[in-house]
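Before any comments, here is the structure.
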Amino acid sequence: QVQLAESGGGLVQAGGSLRLSCAASGRTFNVGAMAWFRQAPGKEREFLATITRSGFGTTYADSVKGRFSISRDNARNTVSLQMSRLEAEDTDVYYCAARNLNSGSSSQNDYSYWGQGTQVTVSS
């Protein structure tokens with residue numbers, strides 16, 4: 001099994017920046033592509049970004065392209081999401097996800113491992 005734990009959430013003013021991190025533990029050799037999603041109460045989980053196992057391939061949702069940046073450190077088994085120019089609409093619970101395959105996916109159904117989530121609140 002793989003366990004994921006997010007950190008770095010909090011309260012930030014609109015226009016500000018925040019960096020989320022996610023640490024993988026357990027059978028980390030199973031970890032391929034990783035991704036970030038977010039979800040507001042009563043809404044479906046929204047794809048934000050994914051990164052391949054090698055770290056050379058990234059894909060972003062249009063809503064965050066140019067503002068968010070995903071990266072990973074395989075030596076430390078971590079993935080990060082650097083968020084800038086945050087808006088009130090970015091307020092959500094942010095989740096880290098991982099899958100066994102090396103290629104990324106924007107579908108939450110393709111990820112087997114999930115963190116507990118971290119709250120990001122952007123004040124306007």
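Derivation of every value follows stated rules applied to the coordinates shown; laboratory data play no part. The structure presented is a predicted model; accordingly, all values stated were derived computationally and were not measured. Heads up, the Cβs are rebuilt from the backbone with ideal geometry, glycines too, and the neighbour counts pull from every protein chain shown.
Details
- Computed over the chain: relative contact order in percent, which uses C-alpha pairs under 8 Å that are six or more apart: 37
- Among beta bridges identified by DSSP and lying wholly in the chain, the antiparallel ones come to about 90 percent.
- Extension reserve of the F29-D73 stretch, reckoned as 0.36 nm per residue once the Cα distance is removed: 14.5 nm
- Within-15-Å neighbourhood charge of S25 [Cβ basis; K, R +1; D, E -1]: +1
- Loop chymotrypsin sites (Phe, Trp or Tyr not before Pro), the stretch 1-105, which have at most 16 other Cβ atoms in a 10 Å radius of their Cβ (DSSP): F56
- In summary, the stretch 40-99 shows an alpha-carbon radius of gyration equal to 1.17 times the 2.2 N^0.38 Å reference for compact globular proteins.
- Neighbours of Y95 by Cβ distance under 12 Å: Lys/Arg scored +1, Asp/Glu scored -1, total -1.
- Extension gain, D62 back to N100 (0.36 nm per residue minus Cα-Cα distance, nm): 11.2 nm
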